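Comments concern the structure below.
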Amino acid sequence: MNMRFSLALPRESLSVRVLRRVLGDALRGLGVAEDCIGDILVAASEACTNVVQHSRTPLDYEVLAQVDDGVCVLSIADHGQGLTHEPPPEVADHSESGRGIKIMRALVDDVTFDTRPGEGTVVRLCKRLTWRDEAPMPRLEGDLVHSAR
């Protein structure tokens with residue numbers, strides 16, 4: 001069972017709250033555990049805030065959310081100038097710049113950056129989901145697998 005949706009959002013701070021609301025409600029509807037939702041929302045907020053603050057383009061940015069096989073994958077794409085270099089794997093604790101990247105890496109299982117100068121950047125966040133005890137998704141997936149045999 002999978003879920004997929006995309007949003008085109010204006011490059012303004014209010015859009016981050018909209019994303020948090022839509023994504024949080026979708027994950028809650030699937031039965032994802034609240035602490036897992038919190039991690040995803042904070043990481044997504046950091047990525048979107050970076051777009052709002054740094055992409056230097058009047059164009060909307062896009063968020064593609066996908067839940068498949070117990071994993072949430074978010075792709076946050078802007079159409080800005082692109083990064084001049086890949087963010088370092090570790091950011092110094094005292095560094096003002098890059099703390100959002102450090103937070104993202106702490107909260108999700110994988111963070112990647114695909115940047116193309118003059119075309120923009122895509123930040124990809126992946127996290128294996130944990131479920132509430134009464135969640136419908138894990139039970140439904142188990143029933144589907146069982147009935148297909």
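The values are calculated or read from the model by the stated rules, or taken from the named source; none is laboratory data. Keep in mind it's a predicted model, so treat the numbers as computed, not measured. Backbone-built Cβ (ideal geometry, glycine too); neighbour counts: all protein chains shown.
With LEU41, LEU27 as the choices, which residue is in a helix (DSSP H, G or I) and closer than 16 Å to ILE103 by Cα?
Going through LEU41, LEU27 in turn, just one is in a helix (DSSP H, G or I) and closer than 16 Å to ILE103 by Cα: LEU41.
Within the range 96-129, count every residue that is without any contact (Cβ under 8 Å) to a residue 60 or more places away in the chain and β-branched (Val, Ile, Thr).
Number satisfying all stated conditions: 4.
If only one of SER55, SER6 is among the hydroxyl-bearing types (Ser, Thr, Tyr), in contact with a Gly (Cβ under 8 Å, 6 or more places away or on another chain) and either more than 29 Å from ASP133 (Cβ to Cβ) or modelled with pLDDT under 95 (or both), which one is it?
SER55
A quick yes/no check of all residues on (1) closer than 15 Å to SER55 by Cα; (2) at pLDDT below 90:
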site	(1), (2)
VAL73	no, no
THR84	yes, yes
GLU90	no, yes
ASP93	no, yes
GLY98	yes, yes
MET104	no, no
ASP109	no, no
THR112	no, no
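Whether any residue in the range 46-56 is without any contact (Cβ under 8 Å) to a residue 60 or more places away in the chain, farther than 19 Å from ARG105 by Cα, over 16 Å from the mean Cα position of the chain (by Cα) and assigned to a loop (DSSP other than H, G, I, E, B) is what I want to check.
Within the range 46-56, one or more residues are without any contact (Cβ under 8 Å) to a residue 60 or more places away in the chain, farther than 19 Å from ARG105 by Cα, over 16 Å from the mean Cα position of the chain (by Cα) and assigned to a loop (DSSP other than H, G, I, E, B).
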